[in-house]
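S.K.: Before we start, here is the structure in question, set down as structure tokens.
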Amino acid sequence: MLYFRYRTLWRAFFQELGMDTVTSAPTDREILERGTALAIDEACLSLKIYLGHVAALVGKCDYILVPRVSNFGWHRSMCTRFEAMPDLTWNVFRESGQKFLSYDVDELMKRKEKTAFLDLGQTLGCPAKEVRRAYKAARKAEALQYKARVQKQEQLYKKEGLKILIAAHSYVIEDQYIGRAVTDYLKEAGVVPLRADLVDRDGAIKRSRELSPTCKWEISREILGGIVQHRGDVDGIILLSAFPCGPDAMVNELITRRVKGIPMLNLVLDSQTGTAGVETRLESFIDIIRLKEGKL
Ligand code: SF4
């Protein structure tokens, strides 16, 4: 889940400290089924997939990193799943013999990311000076990588043809087994898929207030800000979420009510149906947009 947001930071940090990193293979049916068997029925699809990935890593490394990222300040919270993640994971895999590693970001409790990484490095026995240097280098690498991705995305808005903005969490849209099918289908249909979450994050947080001054979830606010910034540049919006997602249920309803004058499709993926039926709905959505624009 957070891997899609922090992969460069994590990899660079451990690399700077002379450690190797291992990642699980892209999601497939087996990973989803393993995770589904380990999770409670009420868990969201993303959490089920996550547990499947942890299961795939058990026994393959010295530690599995499971951070707790709670918030970045007032009205800047992560979904509660991210707060519970270390406790939940350790409990599910308590009999596996696997060792886990964590760090704790909770700015409301004065736990900034930098402090959290310093503790993480020292837990691994690295000198504080080395850890500070590694964190600084990793932060820089991540900032550069993210800036390049945003710039590349901005170029896509200038392309000719039908453009559709996808509003989704990165771990939904980028997941090989679930969200990737949506972008792949759009590309095959000659549509330019764009991402609401791939924007300058600070600017997006400020812009999100236009749609909701009270939304408290950090990633949802980035997505809202991305919609505010780019709704005029696209022909349609797809709200893509993993069932049952509490934040998305509220935020997507809010988007539907407050963003007017643009075709919108609400797609909810779950572990039973996965992407079945998605292509038909995407095909109809694209046809509706083309018909509306007189291009069909
Ligand atoms: S935001 Fe939604 S999809 Fe993400 S972890 Fe929370 S409930 Fe699951």
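The values are calculated or read from the model by the stated rules, or taken from the named source; none is laboratory data. No experiment lies behind these values; they were computed from the predicted model shown. For neighbour counting, all protein chains shown are included, and Cβ atoms are generated from backbone atoms with ideal geometry for every residue, glycine included.
S.K.: Look through the stretch 25-51, keep the residues that are in a loop (DSSP other than H, G, I, E, B), of a type outside the set (D, E, K, R) and surrounded by fewer than 18 Cβ atoms within 10 Å (Cβ to Cβ), and return whichever of them is modelled with the lowest pLDDT.
M.R.: Looking at the filtered set, the residue picked out is Ile40.
S.K.: Residues Ile205, Ile166, Ile219, Ile223: which one is away from the ligand (no atom under 16 Å from the Cβ) and either assigned to a helix (DSSP H, G or I) or surrounded by 15 or more Cβ atoms within 10 Å (Cβ to Cβ) (or both)?
M.R.: After applying the criteria, what remains is Ile205.
S.K.: Here are the criteria: (1) surrounded by fewer than 15 Cβ atoms within 10 Å (Cβ to Cβ); (2) assigned to a helix (DSSP H, G or I); (3) not assigned by TED's automatic domain parsing to the domain that holds Lys114. Tell me which single one Leu186 does not satisfy.
M.R.: The failed condition is (1).
S.K.: Looking at the stretch 24-51 only, could you name the residues that are more than 14 Å from the ligand (Cβ to nearest atom) and under 17 Å from Phe100 (Cβ atoms)?
M.R.: Selection gives Ser24, Leu38.
S.K.: Quickly run through the stretch 146-160 and pick out the residues that are exposed (fewer than 11 other Cβ atoms within 10 Å of the Cβ) and either assigned to a helix (DSSP H, G or I) or among the basic types (Lys, Arg) (or both).
M.R.: Answer for the stretch 146-160, where residues must be exposed (fewer than 11 other Cβ atoms within 10 Å of the Cβ) and either assigned to a helix (DSSP H, G or I) or among the basic types (Lys, Arg) (or both): Ala148, Gln151, Lys152, Gln155, Lys158, Lys159.
S.K.: Please find, within the stretch 1-23, the residue that is farthest from the ligand (Cβ to nearest atom) out of those that are of a type in the set (S, T, N, Q) and part of a loop (DSSP other than H, G, I, E, B).
M.R.: So the residue we want is Thr21.
S.K.: Follow-up. Taking the criterion of being on the phi > 0 side of the Ramachandran plot, in a loop (DSSP other than H, G, I, E, B), surrounded by fewer than 17 Cβ atoms within 10 Å (Cβ to Cβ) and away from the ligand (no atom under 13 Å from the Cβ), would at least one residue in the stretch 52-59 satisfy it?
M.R.: So far as the stretch 52-59 goes, yes, one or more of its residues are on the phi > 0 side of the Ramachandran plot, in a loop (DSSP other than H, G, I, E, B), surrounded by fewer than 17 Cβ atoms within 10 Å (Cβ to Cβ) and away from the ligand (no atom under 13 Å from the Cβ).
S.K.: Going by the conditions given, is Ala25 touching a residue at least 12 places away in the same chain (Cβ under 8 Å), over 18 Å from Tyr171 (Cβ atoms) and under 20 Å from the mean Cα position of the chain (by Cα)?
M.R.: Judged against the criteria, Ala25 is not a match.
S.K.: Among the numbered criteria (1) within 16 Å of the ligand (Cβ to nearest atom); (2) at pLDDT 95 or above; (3) buried (at least 22 other Cβ atoms within 10 Å of the Cβ), which single criterion is violated by Asn266?
M.R.: (3)
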